[in-house]
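> Here it is, the structure, as structure tokens.
The values are calculated or read from the model by the stated rules, or taken from the named source; none is laboratory data. What you see is a predicted model, and the numbers here were worked out from it, not measured in a lab. Because the Cβ atoms are built from the backbone with ideal geometry, glycine has one as well, and the counts that use them run over all protein chains shown. Quick note on the areas: whole protein, heavy atoms, side chains included, nothing else; ligands and nucleic acids left out. Shrake-Rupley method; radii C 1.70, N 1.55, O 1.52, S 1.80 Å.
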Amino acid sequence: MMKMESILSKEQRMDKFAEDLTSRCNVFIQGFLYAYSISTIIKTTMNLYMSMQKPMTKTSVKALCRLVELLKAIEHMFYRRSMVVADSVSHITQHLQHQALNSISVAKKRVISDKKYSEQRLDVLSALVLAENTLNGPSTKQRRLIVSLALSVGTQLKTFKDEELFPLQVVMKKLDLISELRERVQTQCDCCFLYWHRAVFPIYLDDVYENAVDAARLHYMFSALRDCVPAMMHARHLESYELLLDCYDKEIMEILNEHLLDKLCKEIEKDLRLSVHTHLKLDDRNPFKVGMKDLALFFSLNPIRFFNRFIDIRAYVTHYLDKTFYNLTTVALHDWATYSEMRNLATQRYGLVMTEAHLPSQTLEQGLDVLEIMRNIHIFVSRYLYNLNNQIFIERTSNNKHLNTINIRHIANSIRTHGTGIMNTTVNFTYQFLKKKFYIFSQFMYDEHIKSRLIKDIRFFREIKDQNDHKYPFERAEKFNRGIRKLGITPEGQSYLDQFRQLISQIGNAMGYIRMIRSGGLHCSSNAIRVEKIQSSGVPLSHLSQPQCTSSCLNEFLPKFLCRFVPDLEDIVNFEELVKEEGLAEETLKAARHLDSVLSDHTRNSAEGTEYFKMLVDVFAPEFRRPKNIHLRNFYIIVPPLTLNFVEHSISCKEKLNKKNKLGAAFTDDGFAMGVAYILKLLDQYQEFDSLHWFQSVREKYLKEIRAVAKQQNVQSTSQDEKLLQTMNLTQKRLDVCLQEFELLYFSLSSARIFFRADKTAAEENQEKKKEEETTTNSGDLSDHTVPADPVVK
């Protein structure tokens, strides 16, 4: 190969042109002969071992694999210098034809000079003339065949002397070989037979790993393995040859990963760990005792092409180390410095360009971690109470002297630690939790005692609504609440309606948590681009557009700018345009384009968020509204007794705040309002519930009682019965508290309904969706007839 390289690299001199062509011809033929002999040795040896069912020693396997590499190296040499070879072949062919013509011309003169005439001599002369005429032209297969036939006739009658005939035969053989050089080299270097001997591949890879000095030979072996593909494409024993190719691809990649890439990753990681922890003296690392392998040679390899992919060993190991260091840093954030040191060492020792993890350390204001809440959401919703207005969760009870709280800032910090990907995972966990809770909800609504009472209440309301000004009677709700207690109570003194209220509160708490996750995500995004004074960075914005602002200047400034400073979210400067105007370097242009993209993403994320509520409505609503779940349609009529039960419970919890024993004390539980609003939306029953005019009925009832007590107080004020006046004052106070609690519940429920678009029914929403789809379709049709835009604009 080196000889061929040196001959082809020489400049051709006109005075020694014939000598150059002869040397080139000889080296080409020598390369072909080497390929032929190596190919024969490999095929014969491997097939003999297989035929005789004898095990092959590791030394033999390594030697045969070396021969395979040499074979592909010869082919690669011809391919790499194919332009020079193609140019040389045409000249060599003409030179060989010239030599053959000279020999034939001498023989022809000899035949013509002989005056004895005979038909045989005439045939010989005609054959020689035919050979001459055929050689005067391109060296095609047909012409060479005609020349061969003509010479077989022309060499009779001792036309050629012995010393002339042999050189002519050699020239003709060379001409045959040189004319089909490319095809013959390809045929001899074809290694498709390796498909049947691929068991040697793992041993070969182990050898490459152990002797890393000559890692570049991997390219030749994979080139040999690729030769199996064309033959496999003619397979007929499967439905499609692609199945066979996929299996082959998968098998080779698994062997490569197991015997080389994974071992290399583990060894590099081990080396980095031991190097960083040398102070611990974990292992004897004296190279004179334990030996040393230079694994860095693997990373200087160019990517290896195999099927429709490039195997980049450097990228594979870099990705493995990045992933390992990132995951281990998330598990133990206090180890970030160690892994940072290992990254730097990997760059210095192996030249690997590692990715910085950018994992923030935990803050003191972390609160309960999102990950923990997500994993134990069933416990969280039962132990915490939700406040709708402040968007805060408060612990229900605690053995300590304080209660834990969770607000948006805690969630944002937690998202910043774990990454925004955790938001979607949280929604998925919540969906699984809601599925279980709705199953219990359905069972309660299907219970005969509950269903019969609700149907009776619906019938009663339809009968009396015209006489009662379309208002659901307060007394009926009280009767339902008392009647449920007759069905039985738990050891804690809770009725079935109390447990049902708790179930709805837990569903509402889950929805409140989803709302807080969304708010925390928006908070996290907006923090990433929060508005500060641009001058505090020390580099004015106008400086970026100056010609002297080099790429290094941008690279130094942009991280600071990106992390903290965006002057105006409404009017963000397009850095790519500024860089183009100033005609800065291509690297600077790429940096500016990347910055524009990141700023765009952050701005969009801070301005809008995923509509998780809509997703959770859309996923459950179709099931709730199915005919088989008709028993759920009675839910709206149970809301009045539920609200009554909730108000009683809320007043009881708030009263405990002033007592010494504060077990069960609470001042907020807006999860109930969220749960009721969510379930009414799923059942599309906002209109049915509004038709009860329940809160108006409650307000009228309490105002009527308050006026009656006030009137009685005026009557009794003349008498000096203090006990009676005290009783009346307490009664009025209780009525005021009850009315206030109902008012608070009404406001909370109205607020919660806004999240679920209470202004639209399911039919109206479907109609709106259809209009949007039609608009999208029409705009798509119009765009088909418009002139295509410039790709850059797109």
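> Any idea how many residues of the stretch 594-610 are open to solvent by 100 Å² or more (accessible area, probe 1.4 Å) and at pLDDT 70 or above? Step through it out loud before you land on a result.
Step one: of the stretch 594-610, the residues open to solvent by 100 Å² or more (accessible area, probe 1.4 Å) are 594, 604, 608.
The next check asks that each one be at pLDDT 70 or above; those that pass are 594.
So the count comes out to 1.
> Of the numbered conditions (1) open to solvent by 40 Å² or more (accessible area, probe 1.4 Å); (2) within 30 Å of residue 488 (Cα to Cα); (3) not in a helix (DSSP H, G or I), residue 466 satisfies every one except a single condition; which is it?
Against the list (1) open to solvent by 40 Å² or more (accessible area, probe 1.4 Å); (2) within 30 Å of residue 488 (Cα to Cα); (3) not in a helix (DSSP H, G or I), residue 466 comes up short only on (2).
> Could you list all residues from the stretch 633-688 that are buried (at least 22 other Cβ atoms within 10 Å of the Cβ), of a type in the set (Phe, Trp, Tyr) and over 20 Å from residue 395 (Cα atoms)?
635, 636, 678
> How many residues does the stretch 202-260 hold that are assigned to a loop (DSSP other than H, G, I, E, B) and of a type outside the set (Asp, Glu)?
Step one: list which residues in the stretch 202-260 are assigned to a loop (DSSP other than H, G, I, E, B), which gives 211, 227, 233-240.
Narrowing further to those that are of a type outside the set (Asp, Glu): 211, 233-238, 240.
Of the residues in that region, 8 qualify.
> Given (1) surrounded by 14 or more Cβ atoms within 10 Å (Cβ to Cβ); (2) more than 26 Å from the chain's Cα centre (by Cα), where does residue 264 come up short, assuming only one miss?
(2)
> Moving to a separate point now. Looking at the stretch 659-701 only, could you name the residues that are farther than 19 Å from residue 647 by Cα, in a loop (DSSP other than H, G, I, E, B) and within 47 Å of the chain's Cα centre (by Cα)?
The answer is 683, 684, 685.
This table checks each residue for (1) assigned to a helix (DSSP H, G or I); (2) loosely packed, with under 13 Cβ neighbours inside 10 Å; (3) aliphatic (A, V, I, L, M).
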{"residue": "707", "(1), (2), (3)": "yes, yes, no"}
{"residue": "712", "(1), (2), (3)": "yes, no, no"}
{"residue": "723", "(1), (2), (3)": "yes, yes, no"}
{"residue": "726", "(1), (2), (3)": "yes, yes, no"}
{"residue": "730", "(1), (2), (3)": "yes, yes, yes"}
{"residue": "739", "(1), (2), (3)": "yes, no, yes"}
{"residue": "743", "(1), (2), (3)": "yes, no, no"}
{"residue": "749", "(1), (2), (3)": "yes, no, yes"}
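> Which one of these is farther than 16 Å from residue 77 by Cβ and assigned by the TED database to the domain that holds residue 294: 219, 237?
Checking each option against the conditions leaves just 237.
> Also, quick follow-up: Across the stretch 395-423, what is the total count of residues that are open to solvent by 20 Å² or more (accessible area, probe 1.4 Å) and in contact (Cβ under 8 Å) with a residue 40 or more places away in the chain?
Number satisfying all stated conditions: 11.
> Can you tell me how many residues in the stretch 390-436 are basic (Lys, Arg) and under 20 Å from the mean Cα position of the chain (by Cα)?
Total satisfying the criteria: 1.
> Go over the candidates 350, 386, 339 one by one and state the one that is of a type in the set (Phe, Trp, Tyr), over 28 Å from the mean Cα position of the chain (by Cα) and either in the same structural domain as residue 432 (by the TED database) or surrounded by 15 or more Cβ atoms within 10 Å (Cβ to Cβ) (or both). Before you say what the answer is, go through the steps one by one.
On the way: 350 fails: over 28 Å from the mean Cα position of the chain (by Cα); 339 fails: over 28 Å from the mean Cα position of the chain (by Cα).
Step by step, each of 350, 386, 339 is checked, and only 386 is of a type in the set (Phe, Trp, Tyr), over 28 Å from the mean Cα position of the chain (by Cα) and either in the same structural domain as residue 432 (by the TED database) or surrounded by 15 or more Cβ atoms within 10 Å (Cβ to Cβ) (or both).
> A further question follows. In the stretch 314-328, is there at least one residue being open to solvent by 90 Å² or more (accessible area, probe 1.4 Å) and either at pLDDT below 90 or in a strand (DSSP E or B) (or both)?
Within the stretch 314-328, not a single residue is open to solvent by 90 Å² or more (accessible area, probe 1.4 Å) and either at pLDDT below 90 or in a strand (DSSP E or B) (or both).
> Given the criterion at pLDDT 90 or above, open to solvent by 70 Å² or more (accessible area, probe 1.4 Å) and more than 26 Å from residue 148 (Cβ to Cβ), identify the matching residue among 77, 83, 14. Before the answer, list the steps.
On the way: 77 fails: open to solvent by 70 Å² or more (accessible area, probe 1.4 Å); 14 fails: at pLDDT 90 or above.
Selected residue: 83, the only one of 77, 83, 14 that is at pLDDT 90 or above, open to solvent by 70 Å² or more (accessible area, probe 1.4 Å) and more than 26 Å from residue 148 (Cβ to Cβ).
> If only one of 71, 33, 21, 48 is among the aliphatic types (A, V, I, L, M), open to solvent by less than 40 Å² (accessible area, probe 1.4 Å) and either at pLDDT 90 or above or touching a Lys or Arg at 6+ places or on another chain (Cβ under 6 Å) (or both), which one is it?
Checking each option against the conditions leaves just 71.
> Quick one: would you say residue 194 is touching a residue at least 60 places away in the same chain (Cβ under 8 Å), buried (at least 16 other Cβ atoms within 10 Å of the Cβ), hydrophobic (A, V, I, L, M, F, W, C) and under 30 Å from residue 75 (Cα atoms)?
Judged against the criteria, residue 194 is a match.
> Further, regarding this structure: Could you figure out which of (1) open to solvent by 30 Å² or more (accessible area, probe 1.4 Å); (2) over 60 Å from the mean Cα position of the chain (by Cα) isn't true of residue 216?
(2)
> Residues that are assigned by the TED database to the domain that holds residue 9 and farther than 22 Å from residue 19 by Cα: find the helices (runs of 4 or more DSSP H) completely inside the stretch 88-189 holding 3 or more of those.
119-135, 141-154, 181-188
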